[in-house]
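The values are calculated or read from the model by the stated rules, or taken from the named source; none is laboratory data. If you're wondering where the values come from, they're calculated on a predicted model, not measured in any experiment. Cβ placement follows ideal geometry from the backbone for every residue including glycine, while neighbour counts extend to all protein chains displayed.
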């Protein structure tokens, strides 16, 4: 009988030691989990910061650029075609770098134009409303993120136009029946401006 009591006491002691070990392991795990969560938060913040820096740099590089679509041309005469277009349609001769054809479709290629200064680009963007050919479009050269945002805004505009509303699409905003909606970067949605 005494032997059984000793075994029970030993088992209780072992059980207590196991409980203490488990408690210690649990505390270590919780401590490590907190550290990992902090590290994860720091890394997520750093990644977001790097993405924002990359986006800013890309915007800076594209600041003086436009994209023209709807002009029929080929690789041999793209520069001449662009210069003639600016002269005939907009009555300007801007200082530009060599235009670049981009895109894969044969007759629907886009033309990337880099202006030597921002004033030249601004002048073209102001005059683009006077273009007679409604199949030619001049747009800012946007970053990937900006293109995604503008697509969301254009989709909303199309939906609202189909409802019979008066809609105007601008950069990162949309005007619907004189109400201005702007893109909110945090919520990644269009919201009514106060």
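Observations on the structure shown:
- Lone qualifier among 83, 148, 186 - being in a loop (DSSP other than H, G, I, E, B), under 27 Å from residue 61 (Cβ atoms) and free of Cβ contacts under 8 Å to residues at least 24 places away in the same chain: 186
- Between 101, 90, 50, the distinction of being surrounded by 10 or more Cβ atoms within 10 Å (Cβ to Cβ), within 29 Å of residue 141 (Cα to Cα) and in contact (Cβ under 8 Å) with a residue 40 or more places away in the chain belongs to 90 only.
- Positions within the range 53-73 being in contact with a strand residue (DSSP E or B) (Cβ under 8 Å, 6 or more places away or on another chain) and part of a loop (DSSP other than H, G, I, E, B), in sequence order: 64, 70, 71, 73
- Scanning the range 112-157 for residues that are in contact with a helix residue (DSSP H, G or I) (Cβ under 6 Å, 6 or more places away or on another chain) and either surrounded by 16 or more Cβ atoms within 10 Å (Cβ to Cβ) or within 27 Å of residue 93 (Cα to Cα) (or both) yields a count of 6.
- Residue identified as at pLDDT below 95 and under 30 Å from residue 119 (Cα atoms) among 4, 18, 68: 68
Here's the yes/no breakdown for (1) exposed (fewer than 12 other Cβ atoms within 10 Å of the Cβ); (2) modelled with pLDDT under 95; (3) under 26 Å from residue 143 (Cβ atoms):
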{"site": "37", "(1), (2), (3)": "yes, no, no"}
{"site": "44", "(1), (2), (3)": "yes, no, yes"}
{"site": "74", "(1), (2), (3)": "yes, yes, no"}
{"site": "78", "(1), (2), (3)": "no, yes, yes"}
{"site": "95", "(1), (2), (3)": "yes, yes, yes"}
